[in-house]
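Each remark here refers to the structure printed beneath this line.
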Amino acid sequence: MKITRIAVYKADLPLEHPYWLSGGRLKFEVLDATFVRIDTDVGLSGWGEGTPWGHTYVAAHGPGIRAGIETMAPFVLNLDPRKVLDVERAMDLALPGHLHAKAPIDMACWDIAGQSAGLPISDLMGGGSRTPAPIASSVGAKTIGDTRDVMNRYRERGYVAHSVKIGGDVDLDVARIRDVETHRGPNEVILYDANRGWTRQQALRVMQATEDLRVMFEQPCETLDDIAAIRPLHSAPVSVDESLVTLQDATRIARDGLAEVFGIKLNRVGGLTKAARIRDVALAHGIDMFIMATGGSVLADAEALHLAATIPDAHRLAVWACQDMLTKDIARGQGPRNRDGHLHFPESPGLGVHPDEAALGEPVAVYGPT
Ligand code: MG
């Protein structure tokens, strides 16, 4: 089997509510999504998606993804898409770094490999749990009262995992955390996500002031160096997401004991092939995981769920469903959907979801014979 054609589509995915990132970064209202369709000489086609969470969150940019694919496409054409390591190697040789551009191609290859084997991707990766995966809420409220209200609305919909966004005013962050802990439900997973919003001393003030609560913080500071520097000065469990990009990051965090949890975002780390290695580092070191897309449609959520399913239930804390934050659905009725705050495993071969091509319009680029 060989890849004969790579078609690239651009789609705007509007957010239901505008999103403000902390630290004065730009507000955004639309996600710039790239969809990739890979065709083969045996008639199988696979789909991938690359949708950054805006372009001010981390180093990822919709036009950059499409430019990266243009550079890599000649090196990927004619390869066997089932040999994902060969495709990964070709992409890494053609364009070092640029992991966000590689993820959609990797995803489409896994989709084809799964369809070819007649297996969902996670089964092809070695086997997948059918336990519905809890979806983490995204609680962006700023006041104590609003935080309570938003969390309770999620709870009414069945959510048992919550990502409470903090990282603004230090005293208010402490007050909000203390209040949330008074209404924490039994067996709830609650993560306080600072999204790199604190300096070292701001992080320490909050983490030390809430030490008695033993709550978990995600990405309290900008870099791994920051997180390492404050580590001896607090006792809170830590999750790292934005600073977990490469396998070397994962091994450093594990070796130096910098975190108890990995937040693995597939698009950020370069797709399933690379994410699976980071998963294995986590499992080998007793590190739990959140698995999610950086953003995007049900395709991106489906990919994340396939990886999450390959993790033993006890080590997979939650996934995310960005699809719920969008007003446009490019694969209506397909793929894993939010039922009672959980995503349910898609049993179809491959990714188990493909976009409605009429909704995507004409491709913005086609590589290979047209
Ligand atoms: Mg986070």
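Every residue in the range 262-312 that is of a type in the set (S, T, N, Q), more than 16 Å from the ligand (Cβ to nearest atom) and touching a strand residue (DSSP E or B) at 6+ places or on another chain (Cβ under 8 Å), please. Result: 297, single match.
All of 46, 140, 54 fail the test of being surrounded by 22 or more Cβ atoms within 10 Å (Cβ to Cβ) and modelled with pLDDT under 95, apart from 54. If you go through the range 293-315 and pick out every residue that is outside any loop (DSSP other than H, G, I, E, B), buried (at least 23 other Cβ atoms within 10 Å of the Cβ) and touching a residue at least 40 places away in the same chain (Cβ under 8 Å), you end up with 11. Has the range 198-212 got at least one residue that is in contact with an Asp or Glu (Cβ under 9 Å, 6 or more places away or on another chain) and within 24 Å of residue 316 (Cα to Cα)? No, the range 198-212 has no match at all. Taking residues in the range 88-111 that are without any contact (Cβ under 8 Å) to a residue 12 or more places away in the chain, and partners anywhere that are buried (at least 24 other Cβ atoms within 10 Å of the Cβ) and part of a helix (DSSP H, G or I), the pairs with Cβ atoms closer than 9 Å and at least 6 places apart or on different chains are 92/102.
Look at the range 20-42: where a residue is within 28 Å of residue 221 (Cβ to Cβ) and among the basic types (Lys, Arg) and a partner is modelled with pLDDT under 75 and surrounded by fewer than 18 Cβ atoms within 10 Å (Cβ to Cβ), sitting 6+ places away or on another chain with Cβ atoms under 8 Å, you get 27/20. Look at (1) closer than 30 Å to residue 310 by Cα; (2) more than 16 Å from the ligand (Cβ to nearest atom); (3) without any contact (Cβ under 8 Å) to a residue 24 or more places away in the chain and you find that residue 129 fails only one, number (3). Can we say residue 29 is assigned by TED's automatic domain parsing to the domain that holds residue 114, more than 20 Å from residue 355 (Cβ to Cβ) and not in a helix (DSSP H, G or I)? Yes.
Just need a number here: residues in the range 119-141 that are in contact with a strand residue (DSSP E or B) (Cβ under 9 Å, 6 or more places away or on another chain) and either small (Gly, Ala, Ser) or within 22 Å of residue 18 (Cα to Cα) (or both). Result for the range 119-141: 10. Name the single residue that is farthest from residue 135 (Cα to Cα) among those in the range 272-292 being surrounded by 22 or more Cβ atoms within 10 Å (Cβ to Cβ) and in contact with a Gly (Cβ under 9 Å, 6 or more places away or on another chain). Here the residue is 289. Restricting 179, 169 to residues that are out of contact with any Pro (no Cβ under 9 Å at 6 or more places or on another chain), away from the ligand (no atom under 15 Å from the Cβ) and modelled with pLDDT of 95 or more narrows the list to 179. Here residue 60 passes the criteria (1) of a type outside the set (Ser, Thr, Tyr); (2) surrounded by 23 or more Cβ atoms within 10 Å (Cβ to Cβ); (3) closer than 30 Å to residue 190 by Cβ; (4) in contact with a strand residue (DSSP E or B) (Cβ under 6 Å, 6 or more places away or on another chain) except the one numbered (4). Of all residues in the range 229-249, those satisfying the criterion of being among the aliphatic types (A, V, I, L, M) and either closer than 14 Å to residue 218 by Cα or within 16 Å of the ligand (Cβ to nearest atom) (or both) are 230, 236, 238, 240, 244, 245.
The values are calculated or read from the model by the stated rules, or taken from the named source; none is laboratory data. It should be emphasised that the depicted structure is a prediction, and the values quoted were computed from it without experimental measurement. Quick reminder, even Gly has a Cβ in these numbers, built from the backbone with ideal geometry, and neighbours come from all protein chains shown.
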